[in-house]
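Peer 1: My questions all concern the structure below.
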Amino acid sequence: MANLFSSYFLPVTLAVITLGMGLSITHQDFKNVFLKPRAIVIGICCQILLLPLIAFSIALLTGINPYLKVGLIIIAACPGGATSNLVTYLLSGNVALSISMTAMNSLITLVSIPLNVSLALFVFLHQDAEIHLDVWDTILKVFLLTIVPAYIGVTIRHHKSKFADQLNRPLKVILPLILLVVYLGVLFIDEGDKTTTRMDFINLIPVALLLNASSMFLGWQIAYLSKLKRRERYTIAIEVGLQNSALAIFVASTLLGSRQMALVAVVYGSFTFFSTALFGWGIKKISKERPST
């Protein structure tokens, strides 16, 4: 049963998590995201432009192996995913904005991942490679794992608001635990590599942490300078700061056939849920609502 967690448990878990988060939001929350689109436009721009710039800067300034530098660009090119949505939910951020950014950026990465990865291969390895992501498969996954479960959750809340409110507190404990168990299975069982040593992990932690922390801080700072509301600011910081490690592992190990490049995503995914939650909590605490102008 190769890739048991990746192929079966993870998709179901992500859909259940998104459904659970949908119970905390309303149809109007989603409407507000698109009726006042400044926040989502700023957030998406941070993800597709700022993140690769940060990753390339870190890769150029650090002395890590060129293959690991490409791996760093791969993780930065990936969208947030259900993990960043979950952190936003746990910190009572703008979940509708977070889910909308994830869905839109997942489609944009059909173009941005091949461009960024191809550039990284040329700059750091002097190689050319054709990177193709399955368009219809990606669209189907976004629809089934993000849009459908979120809509079901929102609809349940619309008709059974009291029931949804009762589930809110236990779900904030249950959903992270489910994700943790399944994600550990993906990282260390499906993607486990016996040639990877403890020192490989330790040496990559500072680089992965720097990408995580700097992207969160700069995403929050740009949102602040753009005069967005407090909830929107730390929601964007979380969404920009936490990327989809499972997708990065797929791009590196399956599309490029490099376990070494995939190692960056394995290390990144092993701790960034917790570091993002901690940074997000700190940003939330220090953020104050800007006065109306």
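Peer 1: Roughly what would the spin-label model give for Val181 and Leu53, points 7 Å off Cα along C-beta, in nm?
Peer 2: 4.3 nm
Peer 1: Identify which of Phe279, Phe217, Phe163 has the largest mean-square fluctuation in a Gaussian network model of the chain, with springs joining Cα atoms closer than 10 Å.
Peer 2: Most flexible of the set in this elastic network: Phe163.
Peer 1: Quote the charge dipole size of the chain about the Cα centre in Debye, to the nearest 20; the model charges only the Cβ of Lys and Arg (+1) and of Asp and Glu (-1).
Peer 2: Its charge dipole is roughly 1380 debye.
Peer 1: What pairs from Lys160/Lys227; Lys36/Lys285; Lys141/Lys285; Lys69/Lys227; Lys31/Lys227 go past 27 Å between their alpha carbons?
Peer 2: Lys160/Lys227; Lys141/Lys285; Lys69/Lys227
Peer 1: Here's a follow-up. Applying 1/(1 + (r/R0)^6) with R0 = 25 Å to the Cβ-Cβ distance of Gln127 and Leu60, what FRET efficiency is obtained, to the nearest 0.05?
Peer 2: 0.90
Peer 1: Order of Ile75, Ile113, Ile174 from fewest to most other C-beta atoms within 10 Å?
Peer 2: Lowest to highest Cβ neighbour count: Ile174, Ile113, Ile75.
Peer 1: Something else now. Select from Tyr234, Tyr224, Tyr268 the residue whose mean-square fluctuation is largest in a Gaussian network model of the chain (Cα-Cα springs shorter than 10 Å).
Peer 2: Tyr224
Peer 1: Simple spin-label model, 7 Å along Cα-to-Cβ: Leu119 to Phe274 in nm?
Peer 2: 3.4 nm
Peer 1: Moving on to the next point. Please compute the volume of the convex hull spanned by the alpha-carbon atoms of the range 4-286 and report it per residue in Å³.
Peer 2: Each residue corresponds to 119 Å³ of Cα convex hull volume.
Peer 1: Label point 7 Å out from Lys229 along Cα-to-Cβ: which residues of the range 77-116 have amide N under 12 Å?
Peer 2: 93-97
Peer 1: May I pose another question? Please identify the longest segment of the chain free of exposed GluC sites (Glu not before Pro), where exposed means a DSSP state other than H, G, I, E or B and no more than 12 other Cβ atoms within 10 Å.
Peer 2: 131-288
Peer 1: Treat the count of other C-beta atoms within 10 Å as a stand-in for reagent exposure and order Ser92, Ser118 from fewest to most.
Peer 2: Ascending number of Cβ neighbours within 10 Å: Ser92, Ser118.
Peer 1: For the range 4-286, what's the relative contact order in percent, using C-alpha pairs closer than 8 Å and at least 6 residues apart?
Peer 2: 32 percent
Peer 1: Which value in deg cm²/dmol, rounded to the nearest 500, describes the helix-derived mean residue ellipticity at 222 nm for the chain, given -39,500 (n - 2.57) per DSSP H run of n ≥ 4 and division by the residue count?
Peer 2: Result for the chain, helices only: -23000 deg cm²/dmol.
Peer 1: Please arrange Leu179, Leu35 by how many other C-beta atoms lie within 10 Å of their C-beta, fewest to most.
Peer 2: Arranged by neighbour count, lowest to highest, Leu179, Leu35 become Leu35, Leu179.
Peer 1: Pick from Gln166, Gln260, Gln47: which residue has the top mean-square fluctuation in a GNM of the chain where Cα pairs under 10 Å get a spring?
Peer 2: Gln166
We did not get these values from a lab; they are worked out from the coordinates using the rules stated. Source: prediction; values computed, not measured. A quick note on method: Cβ atoms are made from the backbone with ideal geometry, for glycine too, and the neighbour counts reach across all protein chains shown.
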